[in-house]
Each structure stands twice: as C-alpha cells, then as structure tokens.
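The values are calculated or read from the model by the stated rules, or taken from the named source; none is laboratory data. Keep in mind that this is a model prediction, so the values were computed, not measured. Note: ideal-geometry Cβ built from the backbone for every residue, glycine included; neighbour counts use all protein chains shown. Just the protein is used for accessible areas: all its heavy atoms, side chains included, with ligands, DNA and RNA removed. Shrake-Rupley method; radii C 1.70, N 1.55, O 1.52, S 1.80 Å.
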Amino acid sequence: MTLMQLEYIMEIYQCGSMNKAAQNLFVSQSAISTAIKELEDELGITIFVRSNRGISLTEEGQEFISKVHLLLQQAKEVKLFYSGKNTQEISRLSISTQRYPFCAKAFVEFLKNQNDPNFRFGFKECPMGKVIEEVQTGKSDLGIIFLSDITQVFLSKLFHSKNLVFHEMKRLRPHVFMNKDHPLAQQKEIPFSELKKYPFVVFSKKDESSLNFSEEAVLSQTIDYKQIIYVNDRATAYNIISHTTAISTGSGVLPDGYYDPRISAIPIASPVCDMQIGWISRKGELLSQKAKEFVSILEDQIKKY
C-alpha cells in the first residue's frame, strides 16, 4: 500500500468519477485503475463498485476511507511543513485556556493583526488540569489559568514539579454571574451567605472533589451548594444562567460581544480571596514572537478591568 494509491482513492471518492480524478491528478485513467486494483488485491477488499450510474463506495470502501482520511491529512501537513521550511516559514501558535471570554477576545484581536501567508494557530478552551498538561507536554505554547490564596501553594508546587512558570497579569475580585432579572441582580455586592440559595453552575472536571482545579472562582471550602449543575462549555453555562436563577462565579471580565448580554457580573462582598489571573509557560523556554504578540494583547485586555 502506497501513499499514492491512497491519494488516488480519495480523489475518486471526492470526484465521484474515475475519469475526473484522472484529469485532476494528471495521470491516465488506466494508471489509476491499475493502482486501485493492486491495492484491492493486496488488502483483499473491494473499495469501489462500478455501474451505469458511475462509481461508488462499497461498505468495505466506506470503512477504508474512514481509516485513511486522517492519515492523508497528516501526510499533507507533513508535506506543507517541510515545503514551508524550504521556502517560507509557517507561523505557529497554540493556546490553551480556562473558559474565559476575555481570552477569546484577545485571540480574535490577535488574528486581526496577522498577515502571514501561511500559519497554524490553535485556541482551546479546557479545564485547568488539561491546560497545565497541554503546556507541560508542549502541545500548547502557553496556557491561561487563575490561582487563588487557597490554591496558590498547591499549584505552585505542581508548576515546579512540571517545570512550568506562572506569570501573573492581574488580581481581580471574584464576581457572581447571574441573569439580569435575578433576585440578586440589583445588589452592588453579594455576600457568601446568599450564594448557596441558588443552583450553582460548575464546569465538569476529572476530579470533582478537588477545589485546586476549579473552573470557578474558589470562594470558600465551606460553602455548601445543595443544587449543582455540571456543564462542559461556556455556551451551555450562559444559556442556563440567562434562563434560570442558577449562578456561577468567575473573574467578572465580560467584554462586549463575547458573552451573553442577558448576564450580569456582580462582585462578591468582602472578605474574599482575589483571583490571580495569569499565563503559564515552560521554564527556561523563550516565547516565540507570535506568543509574545498574543500575551501583549491579552494583558491589554485584562488591564482594562
């Protein structure tokens, strides 16, 4: 089995015609037919069936396409990477972050500033533990998370063990997220005692018992929420909060156009631990120019609040 045979099959599948595929690949139809027949004989399967209506995949062919599709995509990525190294450099940046709308805005602003002909940029929202893992393993160039007075000691030790560095950008008072018609929506500050009266929206995590990896502002280890709603994405959290009396907590940084306008953010009354918003990187590694650009935009965003 060769990569060329796989490319022939994928082109036929996409064109729905062996003749058209041959034209697109600048080879003869007989050469394609022979290559496919040799592969079918090698694997002992029939990939295509021919009829008066044209050519179509068999069940075996459909299964085969599903297995080789990713392989061909990866092959294209390898070709593009090395052709780019020999001609024009491909800009790359990968970001992992907890679910903060201000990070999404910073990434959009970063994209607006780009004019590179070739780039590969990634932005992933995920739980704190996953953010740390992505940066530590090199899958992401940097990650955005928060620390609190309660979690700082634990996370600082974790960063040290994983050869990571935390760069604080700003300390913020935690806020309560709620819909604008919520019974608490007219208060200037909300005391702890009011929070446990309402359903609490929490982003699911691998270890639900650990406050150290909380997606929400860690308010107190003693708050007892009787009603908890677990979600996996910001959109679902926003929908629940905007349509019910459920609440959640976070930084309070809600940039226009990047959150549900039916939601308000009201600060929590003192005493309360500040959120230390910052980014993590691998110790001893210099940020790329693109990463520096993103961090600069991110810091400008957060300093406005």
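Values computed for the structure shown
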item	result
Only listed residue being open to solvent by 10 Å² or more (accessible area, probe 1.4 Å), within 24 Å of the chain's Cα centre (by Cα), in contact (Cβ under 8 Å) with a residue 60 or more places away in the chain and within 14 Å of P267 (Cα to Cα), chosen from F166, F177	F177
Number of the condition not met by H175 [criteria: (1) at pLDDT below 90; (2) touching a Gly at 6+ places or on another chain (Cβ under 8 Å)]	(1)
Set I55, I36, I9: member being surrounded by 13 or more Cβ atoms within 10 Å (Cβ to Cβ), of a type outside the set (D, E, K, R) and in contact with a Ser or Thr (Cβ under 8 Å, 6 or more places away or on another chain)	I55
Condition met for A265 (outside any strand (DSSP E or B) and out of contact with any helix residue (DSSP H, G or I) (no Cβ under 6 Å at 6 or more places or on another chain))	no
Residue that is nearest to the chain's Cα centre (by Cα), among those in the stretch 7-57 that are part of a loop (DSSP other than H, G, I, E, B) and within 22 Å of K79 (Cα to Cα)	F26
Qualifying residue in the stretch 78-94 (condition: under 30 Å from I277 (Cβ atoms), open to solvent by 70 Å² or more (accessible area, probe 1.4 Å) and modelled with pLDDT of 80 or more)	yes
Count of the stretch 122-146 residues which are open to solvent by 10 Å² or more (accessible area, probe 1.4 Å), in a strand (DSSP E or B) and in contact with a Phe, Trp or Tyr (Cβ under 7 Å, 6 or more places away or on another chain)	1
L39 vs. criteria modelled with pLDDT under 85 and of a type in the set (A, V, I, L, M, F, W, C)	no
Residue that is modelled with pLDDT of 90 or more and either surrounded by 11 or more Cβ atoms within 10 Å (Cβ to Cβ) or in contact with a strand residue (DSSP E or B) (Cβ under 8 Å, 6 or more places away or on another chain) (or both), where the choices are F107, F119	F107
The stretch 270-295, residues that are among the small types (G, A, S), open to solvent by 20 Å² or more (accessible area, probe 1.4 Å) and either at pLDDT below 90 or closer than 18 Å to Q98 by Cα (or both)	S270, G284
Number of the condition not met by K197 [criteria: (1) outside any loop (DSSP other than H, G, I, E, B); (2) modelled with pLDDT of 85 or more; (3) not small (G, A, S)]	(1)
Count - residues of the stretch 51-78 that are under 12 Å from E7 (Cα atoms) and of a type in the set (D, E, K, R)	1
Complete set of residues in the stretch 276-286 that are touching a residue at least 24 places away in the same chain (Cβ under 8 Å) and more than 20 Å from the chain's Cα centre (by Cα)	Q276, K283, G284
Among (1) within 27 Å of P174 (Cβ to Cβ); (2) of a type outside the set (S, T, Y); (3) surrounded by 14 or more Cβ atoms within 10 Å (Cβ to Cβ), the one test that V153 misses	(3)
Number of the condition not met by T236 [criteria: (1) at pLDDT below 90; (2) of a type in the set (S, T, N, Q); (3) open to solvent by 30 Å² or more (accessible area, probe 1.4 Å)]	(1)
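Here's the yes/no breakdown for (1) at pLDDT below 90; (2) of a type outside the set (D, E); (3) surrounded by 14 or more Cβ atoms within 10 Å (Cβ to Cβ):
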residue: A185; (1), (2), (3): no, yes, yes
residue: A217; (1), (2), (3): yes, yes, yes
residue: D256; (1), (2), (3): yes, no, no
residue: Y259; (1), (2), (3): yes, yes, yes
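For every residue, the table says whether it meets (1) within 22 Å of S193 (Cβ to Cβ); (2) touching a strand residue (DSSP E or B) at 6+ places or on another chain (Cβ under 8 Å).
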{"residue": "D233", "(1), (2)": "no, yes"}
{"residue": "T245", "(1), (2)": "yes, yes"}
{"residue": "Y259", "(1), (2)": "no, no"}
{"residue": "E293", "(1), (2)": "no, no"}
